[in-house]
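Student: The following block contains the structure, expressed as structure tokens.
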Amino acid sequence: DATHDAIVEALVNEVENVSSVTLFENKTNTDNTSSGGLPEYSFEAVVFGGSSTEVAETIFETKGVTSRDYGGANGTEVTETVTADSNGQQFDISFSRPTEVDIDVTLDLVIDDTYAGDDEIRDDIVRYIGGTLADGSQTTGLDVNDDVFIDTIRDIVIGDEQGVIALEQSVDGSPIETTPSYSTIDGVERIDIGESEVAQAEAEATSIEINTREL
């Protein structure tokens with residue numbers, strides 16, 4: 001469908017910092033909103049990244065005149081008012097953002113005197129997952145529908161450059177615990193992230209808790 005391709009390509013190529021676009025369509029005359037779907041003859045763009053104003057303007061400029069934009073069925077609805085250049089008429093454009101899955105991590109670490117510090121470890125984890133760094137700035141990590149791999153967190157944390165010798169195995173429970181809990185899928189420990197979800201973390205003690213023991 002040309003409209004589908006045109007909207008996706010415009011959002012990805014013309015809106016800065018957009019990293020993922022998924023377009024859902026209902027091409028029938030059946031209203032599916034009662035079951036959590038889309039209304040008749042409508043589409044829903046699920047957009048990760050980019051300015052909401054620019055996303056809405058790009059959808060407005062690209063979609064067909066009779067195409068109905070919609071939001072909230074497969075993500076969090078966003079509505080922006082766009083002004084037409086031709087006559088100044090205003091239109092409300094709706095789309096969706098991926099549903100954010102907040103990732104909390106608790107780490108029990110064995111360190112030495114070269115330990116980089118809790119903030120550095122937290123920032124490195126957030127750079128992998130995506131979210132808010134210790135200085136308050138935002139970073140893009142995993143994309144929509146990307147699972148969080150526990151082995152990757154292990155690799156990020158342990159190493160001479162971090163001053164982390166090992167994960168602490170003598171405490172109760174696992175040296176890495178997460179919320180949501182991770183599970184083993186296809187032999188790999190991961191947090192499963194859905195089709196219209198994106199993992200996010202914050203580099204603060206309430207989100208990434210670090211317990212250390214110096215060797």
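Student: Between Rg and the Kirkwood Rh of segment 101-215, both from Cα atoms, what is the Rg to Rh ratio?
Tutor: Numbers: Rg = 13.7 Å, Rh = 14.3 Å.
Result: Rg/Rh = 0.96.
Student: Can you tell me, using C-alpha contacts under 8 Å and at least 6 residues apart, the relative contact order of the chain as a whole percent? Don't skip to the end; give the middle numbers.
Tutor: Working: 454 pairs, mean separation 44.1, N = 215.
Relative contact order comes out at 21 percent.
Student: For segment 201-206, in order, what is each residue's ³J(HN,Hα) by Karplus, 6.51 cos²θ - 1.76 cosθ + 1.60 with θ = phi - 60°, in whole Hz (x at glycine and Pro)?
Tutor: Result, ordered by residue: 9, 10, 7, 9, 4, 6 Hz.
Student: OK, next. Please give the contour-minus-distance gain from T33 to R127: 0.36 nm per residue of separation, less the Cα-Cα distance, rounded to one decimal in nm.
Tutor: On the way: separation 94, 0.36 × 94 = 33.84 nm, distance 3.67 nm.
Length difference between fully extended and current span is 30.2 nm.
Student: Separate question: Can you sort S34, S52, S183 by solvent-accessible area, 1.4 Å probe, largest first?
Tutor: Values: S34 115, S52 30, S183 55 Å².
Ranked from most to least accessible, the order is S34, S183, S52.
Student: How large is the Kirkwood hydrodynamic radius of segment 14-53, counting all unique pairs of alpha carbons, in Å? Intermediate values should be presented prior to the final figure.
Tutor: Working: mean 1/r = 0.0876 Å⁻¹.
It works out to 11.4 Å.
Student: Also, I was wondering about something else. Is it possible to state the helix-based mean residue ellipticity at 222 nm for the chain, with each DSSP H run of 4+ residues giving -39500 (n - 2.57), the sum divided by total residues, to the nearest 500 deg cm²/dmol? What is it? Present the calculation step by step, with values, prior to reporting the outcome.
Tutor: Numbers: 4 runs with 44 residues, N = 215.
Helix contribution divided over all residues of the chain: -6000 deg cm²/dmol.
Student: Taking the dipole about the Cα centre of the chain, with the C-beta of Lys and Arg at +1 and of Asp and Glu at -1, give me whichever of S52, A203, N29 is farthest to the positive side.
Tutor: N29
Student: Let me ask something else. If you plug each phi of segment 120-126 into the Karplus form 6.51 cos²θ - 1.76 cosθ + 1.60 with θ = phi - 60°, what whole-Hz ³J(HN,Hα) values come out, in order, with x for Gly and Pro?
Tutor: Those phi angles translate into 5, 5, 4, 4, 5, 5, 5 Hz.
Student: Leaving out ligands and nucleic acids, and using a 1.4 Å probe, what accessible area per residue does the chain come to in Å²?
Tutor: On the way: 11100 Å² over 215 residues.
Result: 52 Å² per residue.
Student: Between N13 and A205, with labels modelled 7 Å along Cα→Cβ, what's the label distance in nm to one decimal, could you check?
Tutor: Taking the two extended label points, one gets 5.0 nm.
Student: Another question, then. Starting at the first residue of segment 58-66, write each ³J(HN,Hα) from the Karplus equation 6.51 cos²θ - 1.76 cosθ + 1.60 with θ = phi - 60°, in whole Hz, x for Gly and Pro.
Tutor: 5, 4, 4, 6, 9, 6, x, 4, 9
Student: Expressed as an acute angle from 0 to 90° and rounded to the nearest 10, what is the orientation of the C-alpha long axis of helix 2-14 relative to the principal long axis of the chain?
Tutor: Once rounded, one gets 50 degrees.
Student: Hey, another quick one. Relative contact order for segment 140-192 using alpha-carbon pairs under 8 Å, separation at least 6, rounded to a whole percent?
Tutor: It rounds to 41 percent for segment 140-192.
Student: If you roll a 1.4 Å probe over segment 46-157 with all protein chains in place, what percent of the accessible area is carbon or sulfur? Spell out each step's value before the answer.
Tutor: Details: 2030 of 5240 Å².
Answer for segment 46-157 is 39 percent, counting heavy atoms of protein chains only.
Student: Still on this structure, please answer the following. For the chain, treating each Cα as an identical point scatterer without solvent, what Debye log10 I(q)/I(0) comes out at q = 0.09, 0.14, 0.18 1/Å?
Tutor: -0.47, -0.87, -1.17
The values are calculated or read from the model by the stated rules, or taken from the named source; none is laboratory data. Remember, it's a predicted structure, so these values are computed and weren't measured experimentally. We place every Cβ from the backbone using ideal geometry, glycine too, and count neighbours over all the protein chains shown. Each accessible area value is taken on the protein alone, full model and side chains, heavy atoms only, with ligands, DNA and RNA left out. Shrake-Rupley method; radii C 1.70, N 1.55, O 1.52, S 1.80 Å.
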